[in-house]
Amino acid sequence: MSGYDTCASRRVVVGVSGSLGSVTALYRAAAEARHREAELWPVLAWEPPGGESAARRSPAPPALTGEWQRLARERLLVVLGEVFGEATPAGVPLHGLVVRATPGAALVETADRDDDILVVGAGRRGWRRAFSGRVTRYCLTHAHCPVLAIPPSPLEETLAAARRRSAWHLPLSTRQLSSGATTTPEP
């Protein structure tokens, strides 16, 4: 992937998937790029259904692979459009990249220079982190540049709590959402 570094300017590479964590990381990466007068490289990694091992055992037709690539590119454009609108962040050159690889490997291979900064979402907090955050752990252990792991937004936990309450059919008031309370009200 080092063939992508066509210029010698500083870069801030950020993983983008469309999740709330990656959107938070994208906002922070844009701020870092602006502060460091660097280029912003949002990277969306994709794999064929079942992963690369399944694709080696049973290769998909080239037309289908091209469609997956197109859908990944479209997803990156949608996320960038939702975050930045029609314009790119002010004063920050933007180089979106779609890579066929696992997310951790794609990010580490893209951020292959010592002066790059790799920004990733840190994932969930608490006991559920044991089952998530593999991309962050991979980047922290394999990257050759500084890695900035962005903790989840407080809004993410509030929304997760609201989803849990909804799944259990528990009442939820807007006052609870605004205060961040997640306890069950007395009947």
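A few remarks follow.
- Highest-first arrangement of 114-122, 149-157, where packing means the average Cβ count within 10 Å: 114-122, 149-157
- Charge sum, other residues only, whose C-beta stays under 13 Å from Val120's C-beta, Lys/Arg counted +1 and Asp/Glu -1: +1
- Probe 1.4 Å, protein heavy atoms only - accessible area per residue of the stretch 35-78 in square angstrom: 62
- The Cα atoms of the stretch 61-130 give a gyration tensor whose axes a ≥ b ≥ c have a/c under 1.5, which makes the shape rounded.
- Annotation: peptides 24-33, 161-170, ranked by per-residue average of other Cβ atoms within 10 Å with the highest first, follow the order 24-33, 161-170.
- The protection proxy used here, the mean number of other Cβ atoms lying within 10 Å of each residue, ranks peptides 97-104, 73-80 as follows, highest first: 97-104, 73-80.
- For the stretch 13-140, Kirkwood radius (reciprocal of mean inverse C-alpha pair distance, Å): 15.5
The values are calculated or read from the model by the stated rules, or taken from the named source; none is laboratory data. It should be emphasised that the depicted structure is a prediction, and the values quoted were computed from it without experimental measurement. So basically every Cβ, Gly included, is an ideal-geometry build from the backbone, and we count neighbours across all protein chains shown. With ligands, DNA and RNA removed, areas are computed over all heavy atoms of the protein, side chains included. Shrake-Rupley method; radii C 1.70, N 1.55, O 1.52, S 1.80 Å.
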